[in-house]
Amino acid sequence: MATGSASWSFTEEDFGAITSTLRKFLFDANARCALLVDRTGQLVATVGEQPDFDPTAFATLTAADFSANDQLAKLIGENDFKSLFHQGETASMYLADVARRVILVVLFDNRTTLGLVRLRMKETVGELTVLFEQVFARTRSGAPAQPSILAGADDEIDKLFQ
Amino acid sequence: MSMINYASREINCKIVYYGPGLGGKTTNLEHVYGKVKPDTRGKLISLATETERTLFFDFLPVDLGTIRGFKTRFHLYTVPGQVYYNASRKLILKGVDGIVFVADSQVERMEANQESMQNLYDNMAEYGYDLTKMPFVIQYNKRDLPNAAPLRELQTALNPGWEITDAARQRVTPDPAHPGENLVEQVPTGEWIERAPYYEGVAVTGDGVFDTLKAVSKLVLKSLA
């Protein structure tokens, strides 16, 4: 890719495995909602109660939050912070790094406890890391690269900007 | 890094507005926010200081239309221009698909422009991105001010061009926005050079804001085609 950034894609099967892992986690931890956000600020998936906020803005701020904290970690001599916790009066969120490319964000309220969320999150992050490593390995090996849906769409692109 | 979401049929791309402090990056986004229909844009998020200087970034998602049944969604970001915010500025560049450099045309800001342009090249290089090989557009802002430097001077200082060694690309390419000028041409010394497309702007009145946005968005989509 021209930008030099690594792109990745996952299949419907991957998506199914990821969402079922998250559903099980939400049930076990009694949490409300889980979101997966990639490090560049794009929302990848939402599972559980549909959030009533703007998910695009949320994803952007999550990625920025994590990136800023990575830099803070470096300043104090750590490589990174694997997880972050933000506590509110009724709603709280727990964020964890998955395979250094994706962030898992969990929203929960006082129906559960931080201890339970943290405990369940640890195993979930482990499972998701395995799933995502497989996805990235497949992308790296150059396997089923789909042709871009915009291939040959130059005329349409020109028309869009007339 | 653009993301194509087949489930919601969206193509998401990231565009970053870069440039010196007080050059008009946030004003560009505010104008876009004010002009596009509310149903085609999201919230404008500003992480700014109490004096309205950008601290971390501004963010605005906009839809620019549909291609092949996919909504084209552009995530517009600005960076803080002030020199000492480089750590947060660099973070915003992660995964960028297209860059707009908003230069301040005022003569006395020439050095700040050059410093910011150099900083952009450096930060991109640290991520392993090559600015000369990706969608990149320059906006000369504040053209209405009496102390605005002549375009030629700005072009010489900020957009002198980079050499093209690939023989297949060594052909004269006219600049569609400026008749009589070329984006790719051979200079008298024999080398072939390419310059970034440029636009004149007065972001406070909105002049040139959409021309710039359309130009960079088009380049981004074409880079995916």
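Rule-based calculations on the coordinates, nothing more; no lab input. These numbers come from a predicted model, not from an experiment. When we count neighbours, we look across all protein chains shown, and the Cβ atoms used for this are built from the backbone with ideal geometry, even at glycine.
Length gained on full extension, B:Ala168 to B:Arg9, computed as 0.36 nm times the residue gap minus the Cα-Cα distance: 53.7 nm.
Shown here is the pair-distance distribution of segment A:8-162: with all Cα-Cα distances grouped in 5 Å bins from zero up to the longest one, the shares run 2, 8, 16, 18, 19, 14, 9, 6, 4, 3, 1, 0 percent. Its DSSP H runs of at least 4 residues, each contributing -39,500 (n - 2.57), put the calculated 222 nm mean residue ellipticity of the protein assembly as shown at -11000 deg cm²/dmol, to the nearest 500.
For A:His86, B:His31, B:His178, B:His75, which order do you get if you count the other beta carbons within 10 Å of each Cβ and list the fewest first?
Ranked by crowding around the Cβ, least crowded first: A:His86, B:His178, B:His31, B:His75.
Mean per-residue shielding of peptide B:56-64 is 3, counting Cβ atoms of other chains within 10 Å of each Cβ.
The mean sequence separation of alpha-carbon pairs under 8 Å and at least six residues apart, normalised by the residue count of segment A:12-160, gives a relative contact order of 24 percent. Backbone geometry of segment A:61-78 corresponds, through the Karplus equation with coefficients 6.51, -1.76 and 1.60 at θ = phi - 60°, to 3J(HN,Hα) couplings of 5, 4, 5, 5, 4, 5, 5, 5, 5, 4, 5, 4, 4, 4, 4, 9, x, 9 Hz, x marking Gly and Pro. Looking at segment A:38-75, the chymotrypsin sites (Phe, Trp or Tyr not before Pro) that sit in a DSSP loop and have at most 11 other Cβ atoms within 10 Å of their own Cβ are A:Phe53. Shown in residue order for segment B:100-106 are the 3J(HN,Hα) couplings computed by the Karplus curve 6.51 cos²θ - 1.76 cosθ + 1.60 at θ = phi - 60°: 10, 9, 9, 8, 8, 5, 4 Hz (x for Gly and Pro). When you count the other C-beta atoms within 10 angstrom of each residue and take the mean per peptide, A:71-78, A:41-48, B:100-107, B:43-50 line up highest first as B:100-107, A:41-48, B:43-50, A:71-78. Bridging of A:Lys74 to lysines at a Cα separation below 28 Å is possible for A:Lys82, A:Lys122, B:Lys14, B:Lys90, B:Lys94, once same-chain residues fewer than 8 apart are set aside. Shielding of peptide B:118-130 by partners, expressed as the average count of other chain Cβ atoms within 10 Å per residue Cβ, is 1.
With θ taken as phi - 60° and the Karplus curve 6.51 cos²θ - 1.76 cosθ + 1.60 applied, the whole-hertz 3J(HN,Hα) list for segment A:113-130 is 10, 4, x, 5, 4, 4, 4, 5, 5, 4, 5, 5, 4, x, 5, 5, 4, 4 Hz, x standing for glycine and proline. Residue by residue along A:58-69, Cβ atoms of other protein chains within 10 Å of the local Cβ number 4 on average.
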